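Undergrad: The structure under discussion is supplied below as structure tokens; questions concerning it will follow.
The values are calculated or read from the model by the stated rules, or taken from the named source; none is laboratory data. As the structure is a prediction and not an experimental result, all values here were calculated from the model. Here the Cβ is made from the backbone with ideal geometry for all residues, glycine too, and neighbour counts use every protein chain on show.
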Amino acid sequence: MKAIELNKDIRKAMKKARLCGYEVANEMHIHPSTFAHWLQTEQPAERKSQILKAIERLTFASNQN
């Protein structure tokens with residue numbers, strides 16, 4: 001399976017919110033290369049939830065400005 005096919009829900013949410021991986025990584029307090037590595041394999045439900053919540057927080061914050 002190609003990496004682009006993995007974590008489609010995360011990639012879709014990032015694209016919709018117009019966010020880069022480093023922005024999500026910063027919100028999660030992890031190194032951007034760690035986040036990039038995570039996207040290369042399908043993530044467990046708990047981690048996906050944490051990532052999607054970080055995207056949600058960033059989206060909410062950008063809408064407040």
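Undergrad: Does ILE55 qualify as being over 9 Å from the mean Cα position of the chain (by Cα), of a type in the set (A, V, I, L, M, F, W, C) and assigned to a helix (DSSP H, G or I)?
TA: Against the criterion (over 9 Å from the mean Cα position of the chain (by Cα), of a type in the set (A, V, I, L, M, F, W, C) and assigned to a helix (DSSP H, G or I)), ILE55 does not qualify.
Undergrad: Scan segment 19-35 residue by residue and report those that are of a type in the set (S, T, N, Q) and not in a helix (DSSP H, G or I).
TA: If the condition is that a residue be of a type in the set (S, T, N, Q) and not in a helix (DSSP H, G or I), then no residue fits.
Undergrad: Output the residues belonging to segment 20-65 that are over 20 Å from ILE4 (Cα atoms), of a type in the set (Lys, Arg) and free of Cβ contacts under 8 Å to residues at least 24 places away in the same chain.
TA: Within segment 20-65, just LYS53 meets the criteria.
Undergrad: In addition: Count, please, the residues in segment 7-27 that happen to be within 16 Å of PRO44 (Cβ to Cβ) and either crowded, with 18+ Cβ neighbours inside 10 Å or among the acidic types (Asp, Glu) (or both).
TA: Residues meeting the conditions: 3.
Residue by residue, here is whether (1) under 14 Å from GLU56 (Cβ atoms); (2) more than 10 Å from the chain's Cα centre (by Cα) holds:
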{"position": "LYS2", "(1), (2)": "no, yes"}
{"position": "ARG11", "(1), (2)": "no, no"}
{"position": "LEU19", "(1), (2)": "yes, no"}
{"position": "ILE30", "(1), (2)": "no, yes"}
{"position": "LEU39", "(1), (2)": "no, no"}
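Undergrad: Still on this structure, I have one more. When the residues of segment 50-65 are filtered to those that are of a type in the set (Gly, Ala, Ser) and either surrounded by 11 or more Cβ atoms within 10 Å (Cβ to Cβ) or touching a helix residue (DSSP H, G or I) at 6+ places or on another chain (Cβ under 7 Å) (or both), which remaining residue is modelled with the highest pLDDT?
TA: ALA54
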